[in-house]
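These notes are about the structure you will find just below.
The values are calculated or read from the model by the stated rules, or taken from the named source; none is laboratory data. Worth saying up front: this structure is predicted, and the values here are computed from it rather than measured. With ideal geometry, Cβ positions are generated from the backbone for all residues, glycine too; neighbour counts draw on all protein chains shown. Heavy atoms of the whole protein, side chains included, go into the accessibility calculation; ligands, DNA and RNA do not. Shrake-Rupley method; radii C 1.70, N 1.55, O 1.52, S 1.80 Å.
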Amino acid sequence: MTDTTQRIVITGITGGIAAATARKLVESGHDVIVSARDHDKLDAAITEIGEGVTGHVMDVTDAESVAAFFEAVGPFDHLVTPAASAMFAPLREMDFEAARKLIETKQWGQMLCVYEGAKRISDKGSITLFSGTVTQKPLAGATAFAAAGAATEAAARIWAFELAPVRVNTIVPGIIKTPIWGNLMPEDAATATLDATAEALPVGRVGRPEDIALGVEFLIGNGFVNGHALVIDGGHRLV
Ligand SMILES: NC(=O)c1ccc[n+]([C@@H]2O[C@H](COP(=O)([O-])OP(=O)(O)OC[C@H]3O[C@@H](n4cnc5c(N)ncnc54)[C@H](OP(=O)(O)O)[C@@H]3O)[C@@H](O)[C@H]2O)c1
């Protein structure tokens, strides 16, 4: 460990964005502590990333599990919270159980992690939350995503005051190719959606998890960025 090594907590290591972020931060020489709901998946993800990563099981919807996770982590510098479930349904066909789960993981879960994490985070540290461009660009079927994301962006600005001097920012991802798409729809529909989006975007491709990892590293490293919602969407808002 060097003087510049930071202890960075990332939730949901089995996810595409979390895994790329963990790899990036380990490459940069940091100590990364991760979570997953399932013990075997946690071990497999840690083994795959290799040295520099440790982890504990956590379900972000379970307050006791979140408290136990942060107790096991101890003092740390930065918190990054991409863990969340996913669902799409237009309002007339709403799957209320799946929508509640999304809000419980993405909004409530991030809040529980911030609540417990704030007890042990360094005064020089930062928190990076996750919303999505559906908070700014309407997309049929994305009600629960947009609601949870908008609530998170708004809460982040409040926490930037309440938790000061800890900085609190939100990443607002556009369409990023991760396992989320295979979970939302059949594989061929996911591929068709991603291909059509790539064609429509000014940059000519959809996002990679590594694009988001670069954003996380920036928000962690720049001590003057605070209360900010960083859109990383290849210009999706413009088309
Ligand atoms: N990819 C995109 O296009 C996109 C766009 C906009 C916003 N985002 C947001 O960016 C963040 C990361 O997205 P991603 O694409 O990397 O997602 P992903 O690949 O689907 O990964 C989601 C992760 O969340 C974990 N998770 C789900 N429910 C959980 C719970 N109750 N407790 C703990 N962990 C739980 C999953 O773990 P399991 O393996 O246990 O299921 C998985 O590791 C999310 O907030 C997502 O909404 C993504």
Would you please state which residues of segment 138-174 a label at residue 92 would reach in this model, taking the label point 7 Å out along Cα→Cβ and a backbone N cut-off of under 17 Å?
-> 139-143
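Run the dipole for segment 1-136 about the Cα centre, Lys and Arg Cβ at +1, Asp and Glu Cβ at -1, nothing else charged, and hand back the magnitude in debye, nearest 20. List each step's numbers first, then the result.
Numbers: 12 positive and 19 negative charges, 83 e Å.
So the magnitude is around 400 debye.
Ignoring ligands, DNA and RNA, please state the percent of accessible area on segment 7-234 from carbon and sulfur, probe 1.4 Å.
C and S atoms contribute 54 percent here.
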How would you rank 139-145, 165-171, highest first, on the average number of other Cβ atoms within 10 Å across their residues?
-> 165-171, 139-145
Which of the DSSP-defined H helices in the chain satisfy a minimum axial length of 27 Å, computed from C-alpha atoms, and a minimum mean Kyte-Doolittle hydropathy of -0.5?
-> 143-162
So, by mean Cβ neighbours within 10 angstrom, what's the order for 230-237, 8-15 with the highest one leading?
-> 8-15, 230-237
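Just by accessible area at a 1.4 angstrom probe, what is the order of 39, 56, 30 from largest to smallest? Write down the numbers at each step before the final one.
Values: 39 110, 56 60, 30 35 Å².
In descending accessible area the options line up as 39, 56, 30.
Can you tell me the length gained on complete extension of the stretch residue 154 to residue 224, counting 0.36 nm per residue apart and subtracting the Cα distance?
Details: separation 70, 0.36 × 70 = 25.20 nm, distance 1.90 nm.
Contour length minus the Cα-Cα distance gives 23.3 nm.
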Does anything in segment 150-180 have its amide N under 20 Å from the 7 Å Cα→Cβ label point of residue 239, and if so which residues?
-> 172-178
If you plug each phi of segment 75-87 into the Karplus form 6.51 cos²θ - 1.76 cosθ + 1.60 with θ = phi - 60°, what whole-Hz ³J(HN,Hα) values come out, in order, with x for Gly and Pro?
-> x, 8, 9, 9, 10, 10, 10, x, 4, 5, 8, 9, 6
Count the net charge of all other residues whose Cβ sits under 13 Å from the Cβ of residue 164, scoring Lys and Arg as +1 and Asp and Glu as -1.
-> +1
Estimated D of segment 7-234 in µm² per second, where Rh is the Kirkwood radius over Cα pairs and Stokes-Einstein applies at 20 °C, 1.002 mPa s | 122 µm²/s
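Could you work out the helix-only [θ] at 222 nm for the chain, with each DSSP H run of four or more residues adding -39,500 (n - 2.57) and the total divided by the number of residues, to the nearest 500 deg cm²/dmol? Each step should come with its number before you reach the end.
Working: 9 runs with 103 residues, N = 239.
Mean residue ellipticity, 222 nm, calculated: -13000 deg cm²/dmol.
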If each K or R counts +1 and each D or E counts -1, the residues other than residue 61 whose Cβ falls under 15 Å of its Cβ total -3
Might you tell me the accessible area per residue for the chain, computed with a 1.4 Å probe and given in Å²?
-> 49 Å²
Distance between modelled label sites at residue 37 and residue 198, nm, 7 Å Cα→Cβ extension = 2.9 nm
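Which whole-number percentage describes the relative contact order of the chain, with Cα contacts under 8 Å and a sequence gap of 6 or more? The partial results should precede the final answer.
Numbers: 469 pairs, mean separation 47.5, N = 239.
Normalised by residue count, the contact order of the chain is 20 percent.
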Distant-in-sequence amide H partners of residue 176 (H built 1.01 Å from N, under 5 Å) = 207
